[in-house]
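Take a look at the structure below.
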Amino acid sequence: MSEKLHLTRDSLLDLLRQMLRIRRFEEKCVELYQAEKIRGFLHLANGEEAICTAAMAALTPDDAIVATYREHGHALVRGVSARAIMAELYGKVEGCSRGRGGSMHLFSAAHRFYGGYAIVGGGLPIAAGLALADKMQGKKRVTACFFGEGAAAEGEFHETMNLAELWKLPVLFICENNLYAMGTRLDLSESETDIHAKAQSYRIPSQSLDGMDVVAVDAAVNRAVAAIRDGSGPQFLECKTYRFRAHSMFDPQLYRSKEEVEEWKKRDPIPRLANWMREAGMLHDSDLQKIEADVKAEIDDAVAFAEAGSWEPVADLTRHAHAEAAS
Amino acid sequence: MSEKLHLTRDSLLDLLRQMLRIRRFEEKCVELYQAEKIRGFLHLANGEEAICTAAMAALTPDDAIVATYREHGHALVRGVSARAIMAELYGKVEGCSRGRGGSMHLFSAAHRFYGGYAIVGGGLPIAAGLALADKMQGKKRVTACFFGEGAAAEGEFHETMNLAELWKLPVLFICENNLYAMGTRLDLSESETDIHAKAQSYRIPSQSLDGMDVVAVDAAVNRAVAAIRDGSGPQFLECKTYRFRAHSMFDPQLYRSKEEVEEWKKRDPIPRLANWMREAGMLHDSDLQKIEADVKAEIDDAVAFAEAGSWEPVADLTRHAHAEAAS
Amino acid sequence: MSEFTYRDAAREAIRDAMKRDARVFLMGEDVGHYGGCYAVSKGLLEEFGPERIRDTPLSESAFTGMGIGAAMNGMKPIVEIMTVNFSLLALDQIINNAATIRHMSGGQFGVPLVIRMATGAGRQLAAQHSHSLEGFYAHIPGLKVLTPATLEDARGMLWTALQDPDPVLIFEHVMLYNMSGTLAADAGAVPISKAAVRREGKDVSLITYGGSLHKTLAAAGELSKSGIDAEVVDLRTLRPLDDETIMGSVRKTRRAVIVDEGWRTGSISAEISARIMEQALWSLDAPVARVCSAEVPIPYPRHLEDAALPQAPAIIAAVRGIMA
Amino acid sequence: MSEFTYRDAAREAIRDAMKRDARVFLMGEDVGHYGGCYAVSKGLLEEFGPERIRDTPLSESAFTGMGIGAAMNGMKPIVEIMTVNFSLLALDQIINNAATIRHMSGGQFGVPLVIRMATGAGRQLAAQHSHSLEGFYAHIPGLKVLTPATLEDARGMLWTALQDPDPVLIFEHVMLYNMSGTLAADAGAVPISKAAVRREGKDVSLITYGGSLHKTLAAAGELSKSGIDAEVVDLRTLRPLDDETIMGSVRKTRRAVIVDEGWRTGSISAEISARIMEQALWSLDAPVARVCSAEVPIPYPRHLEDAALPQAPAIIAAVRGIMA
Ligand SMILES: Cc1ncc(C[n+]2csc(CCOP(=O)(O)OP(=O)(O)O)c2C)c(N)n1
Ligand SMILES: Cc1ncc(C[n+]2csc(CCOP(=O)(O)OP(=O)(O)O)c2C)c(N)n1
Ligand SMILES: [Mg+2]
Ligand SMILES: [Mg+2]
């Protein structure tokens, strides 16, 4: 593992805990989807947990987050409660978007979590706009914008990269490059498959790294965030990762081989960190058991909370299309 | 002047003649606009004539052209008659688009002139599509796509560059970089102002050249077209040029200085070629007088033709929204 | 006769067209290796190869524009935009180019392009994945807009669309893909110029299309139990509208309810109501009523999504409202 | 009172807003150094500087989306999209984001964004530069759509729009920019919730908005010469529509003609006709008529463009048609 330097055992344990929270939370989501408690599209990030986990650790509550439809982990690590997220997946009023958004649209004003966006590439201009507002208001905040490599093909990616650098906006672009956009492999969709080089073509400082190495991501994000706070403009991180599960619950995965998936599973960021900590004598089975137990308790509690949640009355159907008269 | 090699005196004379046709034609357009014979938007290319002139010389009748709203010269040199173009500017049925399109929308099926497009960037995907069809049909044709540097900011530029290279399409992208998009100077709109580098970021073979040097453009286009015909995929040429006149007839030109314009006028491609030919003993005043006389005659004839042209009956208003039942 | 789903019918239509005309090809996101986001094109990559079943990057504007260019140059592209929601990214190409090129060129260039896309709500996909914008597309001169609601039309409209010299949009409602039924072995091209009376009736005309057809037929069935004999008109084509069939039905029943999954304000249902006003006002015994989607982005929870969309009970209530 | 053009009024509205609220800024193509494609923002760069008068690249989708983000984070952006024709490139951001974020977030995040754009035909700009799509925008829940047709509204609607917690679109008709008149020295914010009766009349209601208002008033003047006393209703706001004023006028005059520069099929005129059908059918003495644009991309030649758009003679003919 690279550049562990500034990380203490506690912070490493926390990274491990957070990744496990996401993993277990999403495993529970699969059950609940099969039980038809969760509906619509459900996109899981098994295998990709290191990226949002490390990123959130480097950001402050003052910073802003923009994510995609594959954002359970981002919201969870950002601090949105498992209860509020699970209730949202159930479509209950107690959900973080009052049940209106569902899995693809998690929002939380309290956490400056500006949402999960389900139009690929659609969140990028919004992130740049959030950053523009911070800059115009003289705030030293960073907006972190997460997106998949598939978004790099969209015109909005191009337009946003140019404007972010042209106006030196405090945005951290984090590309979660899991090699596939639904069933389309990167080399079938990009003439230049080096995503981080694309960002450089707009003069944005850019780096490609192993997204399965939470410590490496942590170091890179900390460096990038520091540079952005210094006012030097946007930064771009391409995190190479892999989606262990299907794109969504409807995906037969005809486009990749079981072998390929198994190969990548060997690089699973969670055991990878755990083993490394063990070898370094920083993790004992008891620690892991404790974490797993805490996580299980948290998730069971979240499910109970969601189950007990309430359905918004049909009479309120047209609410939130517009602001409600301040009362 | 660079690489004149394959150019004979006759071909050089023809380049000169073509550039003068465009220049004089557009000067006449200004008069006619002031006389309210031509209406709507009128975009002139004074100063930029070398690019389309050299490009058309390298293309065969089998190749296809896609241009912008600043395309009088492109159509003229491509072979669309001055009569048909002038009649179009008048809005007469005898116009190359039956008067329906006007200055921004010149079309000519007979010349595979696929049109002037007035949504910036909008012609790029169409050019790639024309090329895709040629490739799928095994035709060794080239589609030449002209656009301004302002189009490089549009998402459609990005999407088209990627797809053209990804699918190795036979397109020649010719960027007429005149430094301004309406009143916006390149460095106020692009974080990376080197346009030809943008094309390279998609792995498209790309070159930047002096668009005021018709001989240089001729050489570059010939090289690029040959490469495309060999099946190696798209090529990109950035031709640095300058618009001597206003963006359109409504432009007060607040955004640039008279001095800057005067500086660029010293590089006017027409006297530049003429003087160089004179020095090389390839051009005599009598030649120039002859060309000017021929051009004037052609334009006067075109105006007379347009004047004598007919207005499409109002009863035909809704024609051409859809194909007409083959009769 | 064999058992088919709407999805199968749409796939058969593509296969058949690809086999009959070498100029036809399919281009869109995940139409190949993934098998199509709604599995319509499953197996076609294996059958026809990557030259004719083209997976594209996430570049809706460019590949739609490329479809336009290819159509102008001898090919017959079928562009698949996964869903109408994403077609907003390609709208410039569809409206400013596909719909205008023939006109701008004075009739010289045509765009024989077919664009297929999924439309509609009902799968709890929430606010960004549940639009029904086919009615908006029907506002654009130069376009034709088809909304197959039956297996026959899913199977037969594509070929007819491909023969059209101008751009044709085909909207496949997401809730219809799994609808199954039988399809004649020789099922093939169908005309697209006429609406269809799917149920004869004399008391009221229920005018609808696409995913709402089946809810409307269900409502008509319910109404018959209480002695109300409803006629159900399936518009099939939203542009151009078949005024003759619409007015014929309304003049007969003297009452009409329009069922449209579009948001009520400015939906195609408004145009139909306005045309009835203009062409058949004096035949009416009651105001034309509309059952449309609520004026709110589609919410995720099932109960709210159901409430946001036209449903049989609301259709029945609307009919009773104007029968009174 | 001082002599003003509609353009001046629109500029004054921006200047005033910039001065009163430091959160307000203007962003769009050529709003700065060029002075605005229709000269609306001329001089503002010099007055407010490049931080608040932001020239953007040709990136409609990104700068519109950035306006959304900035609005969600404490600013009050005015995004200028040169013309509605180019707004198609930003439609994904406007419809899928601006209009849905409040709803998708369960009311947590608002988008107090104002988007200004020029709309309409009449300057011989042909098929790609002459759309009137404000009626389509009026179809989208979550948006408000304003169409100032007078100096007072050009001057006063912007401030009101900026106070709105949700996205507001302002459509300025290209043929109005040079319209001149007087404006009270203290002219300021105006309400946007009500339509305005611009001319009182008892025989027929002429319902219109934007660039068509003045043609309609001219027609009303002509009609009065032949003893037909027409009332002219300026909708002012297309979403939400002011049913009360519309129905009030129609119930009084018992006849209505809607004048709308949108293409006839699926234009906002259809929605108004449908609402009259639903809310005032029994008050009608004649079918509601519509005068809209012909179903064709706008042609370049003056005579064909004129023929494609609503004009006073057609309005007069439509009125006579239903007075008979
Ligand atoms: C504009 C748009 N086009 C298509 C889709 C359908 N779609 C949803 S996710 C997806 C793949 C996106 O891939 P990527 O950006 O790599 O993110 P990942 O899913 O791999 O995390 C597609 C095509 C969409 N949501 N938005
Ligand atoms: C999508 C779009 N946005 C804005 C405009 C208005 N407009 C017309 S030309 C132009 C400048 C284009 O500059 P460039 O591409 O460099 O071409 P040039 O005019 O310099 O030849 C603009 C902004 C347009 N026509 N299309
Ligand atoms: Mg991916
Ligand atoms: Mg330029």
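The values are calculated or read from the model by the stated rules, or taken from the named source; none is laboratory data. Quantities reported herein were computed from a predicted structural model and do not represent experimental measurements. Positions of Cβ are backbone-derived with ideal geometry, glycine not excepted, and every protein chain shown enters the neighbour counts.
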Whichever residue in region B:233-259 is modelled with pLDDT of 95 or more and within 13 Å of another protein chain (Cβ to nearest Cβ) and, among such residues, is nearest to ligand 4 (Cβ to nearest atom):
B:His247
Strands (runs of 3 or more DSSP E) fully within region C:45-134 counting 2 or more residues that are modelled with pLDDT of 95 or more and in contact with a Lys or Arg (Cβ under 7 Å, 6 or more places away or on another chain)
C:76-83
Of the residues that make up region B:75-87, is at least one of a type in the set (Val, Ile, Thr), more than 13 Å from the chain's Cα centre (by Cα), more than 16 Å from ligand 3 (Cβ to nearest atom) and within 23 Å of B:Thr143 (Cβ to Cβ)?
yes
Is it the case that region C:18-28 has a residue that's assigned to a helix (DSSP H, G or I), under 25 Å from D:Leu88 (Cα atoms) and within 12 Å of chain B (Cβ to nearest Cβ)?
no
Restricting region C:237-252 to residues that are of a type in the set (A, V, I, L, M) and not in a helix (DSSP H, G or I), the one farthest from C:Ala154 (Cα to Cα) turns out to be C:Leu241
Does any residue of region A:270-291 turn out to be under 24 Å from A:Leu42 (Cα atoms) and not hydrophobic (A, V, I, L, M, F, W, C)?
no
Extreme residue, nearest to the chain's Cα centre (by Cα), among residues of region A:120-138 that are more than 7 Å from chain D (Cβ to nearest Cβ) and surrounded by fewer than 24 Cβ atoms within 10 Å (Cβ to Cβ)
A:Lys135
So B:Pro205 fits all but one of (1) crowded, with 19+ Cβ neighbours inside 10 Å; (2) in contact with a helix residue (DSSP H, G or I) (Cβ under 8 Å, 6 or more places away or on another chain); (3) under 30 Å from A:Pro205 (Cα atoms); what number is the exception?
(1)
Can you name the number of the only condition in (1) buried (at least 24 other Cβ atoms within 10 Å of the Cβ); (2) under 18 Å from A:Cys239 (Cα atoms) that A:Asp187 fails?
(1)
For region A:190-198, state whether one or more residues are within 12 Å of ligand 3 (Cβ to nearest atom), out of contact with any strand residue (DSSP E or B) (no Cβ under 9 Å at 6 or more places or on another chain) and closer than 28 Å to C:Gly35 by Cβ.
yes
Options D:Ala98, D:Ala71: the member that is of a type in the set (Gly, Ala, Ser) and either farther than 22 Å from A:Thr143 by Cβ or facing another protein chain (nearest Cβ under 9 Å) (or both):
D:Ala71
Does any residue of region B:65-72 turn out to be touching a Pro at 6+ places or on another chain (Cβ under 9 Å), away from ligand 1 (no atom under 16 Å from the Cβ), among the hydroxyl-bearing types (Ser, Thr, Tyr) and in contact (Cβ under 8 Å) with a residue 60 or more places away in the chain?
no
For D:Arg54, the lone unmet condition from (1) of a type in the set (Lys, Arg); (2) more than 15 Å from ligand 2 (Cβ to nearest atom); (3) more than 30 Å from C:Ile298 (Cα to Cα); (4) in contact with a strand residue (DSSP E or B) (Cβ under 9 Å, 6 or more places away or on another chain) is (2)
Identity of the residue in region D:266-307, part of a loop (DSSP other than H, G, I, E, B), crowded, with 24+ Cβ neighbours inside 10 Å and of a type in the set (A, V, I, L, M, F, W, C), that ends up farthest from the chain's Cα centre (by Cα)
D:Val288
Could you please give the count of residues in region B:152-185 that are within 15 Å of ligand 2 (Cβ to nearest atom) and at positive phi?
2
With respect to B:Ala197, determine if the residue is within 13 Å of another protein chain (Cβ to nearest Cβ), away from ligand 1 (no atom under 16 Å from the Cβ) and closer than 23 Å to A:Gly150 by Cα.
yes
For region D:44-94, which residues satisfy the criterion of being away from ligand 4 (no atom under 16 Å from the Cβ) and of a type in the set (D, E, K, R)?
D:Glu46, D:Glu47, D:Glu51, D:Arg52, D:Arg54, D:Glu60, D:Lys76, D:Glu80, D:Asp92
B:Gly47 fails exactly one of (1) within 15 Å of B:Phe146 (Cα to Cα); (2) of a type in the set (Gly, Ala, Ser); (3) more than 14 Å from chain C (Cβ to nearest Cβ), namely (1)
Quick check, is A:Glu31 surrounded by fewer than 21 Cβ atoms within 10 Å (Cβ to Cβ), away from ligand 1 (no atom under 16 Å from the Cβ) and more than 14 Å from chain C (Cβ to nearest Cβ)?
yes
Take the residues in region C:282-317 that are closer than 19 Å to C:Gln124 by Cβ and β-branched (Val, Ile, Thr), then tell me which one is nearest to the other protein chains (Cβ to nearest Cβ).
C:Val296
Restricting to region D:144-163, what's the tally of residues that are in a loop (DSSP other than H, G, I, E, B), surrounded by fewer than 24 Cβ atoms within 10 Å (Cβ to Cβ) and among the hydrophobic types (A, V, I, L, M, F, W, C)?
0
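Condition check ((1) more than 16 Å from ligand 4 (Cβ to nearest atom); (2) under 26 Å from A:Trp276 (Cβ atoms); (3) without any contact (Cβ under 8 Å) to a residue 12 or more places away in the chain; (4) touching a helix residue (DSSP H, G or I) at 6+ places or on another chain (Cβ under 8 Å)) across all residues:
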| residue | (1), (2), (3), (4) |
| --- | --- |
| A:Asp134 | yes, no, no, no |
| A:Gln137 | yes, no, yes, no |
| A:Phe157 | yes, no, no, yes |
| A:Glu165 | yes, no, no, no |
| A:His196 | yes, yes, no, no |
| A:Gly231 | yes, no, no, no |
Which numbered condition A:Ala110 misses (of (1) among the hydrophobic types (A, V, I, L, M, F, W, C); (2) more than 7 Å from every other protein chain (Cβ to nearest Cβ); (3) free of Cβ contacts under 8 Å to residues at least 60 places away in the same chain; (4) buried (at least 24 other Cβ atoms within 10 Å of the Cβ)):
(4)
Within region A:167-187, residues being more than 12 Å from every other protein chain (Cβ to nearest Cβ) and within 16 Å of ligand 3 (Cβ to nearest atom) number 7
Selection within region D:39-53 - crowded, with 23+ Cβ neighbours inside 10 Å and either away from chain A (no Cβ under 13 Å) or not hydrophobic (A, V, I, L, M, F, W, C) (or both)
D:Val40, D:Ser41
Of the candidates C:Arg264, C:Arg302, C:Arg255, the one satisfying the condition of being free of Cβ contacts under 8 Å to residues at least 40 places away in the same chain and either within 13 Å of D:Ala274 (Cα to Cα) or not aliphatic (A, V, I, L, M) (or both) is C:Arg264
Please verify whether A:Leu59 is closer than 30 Å to D:Ala71 by Cα and modelled with pLDDT of 95 or more, treating the condition exactly as stated.
yes
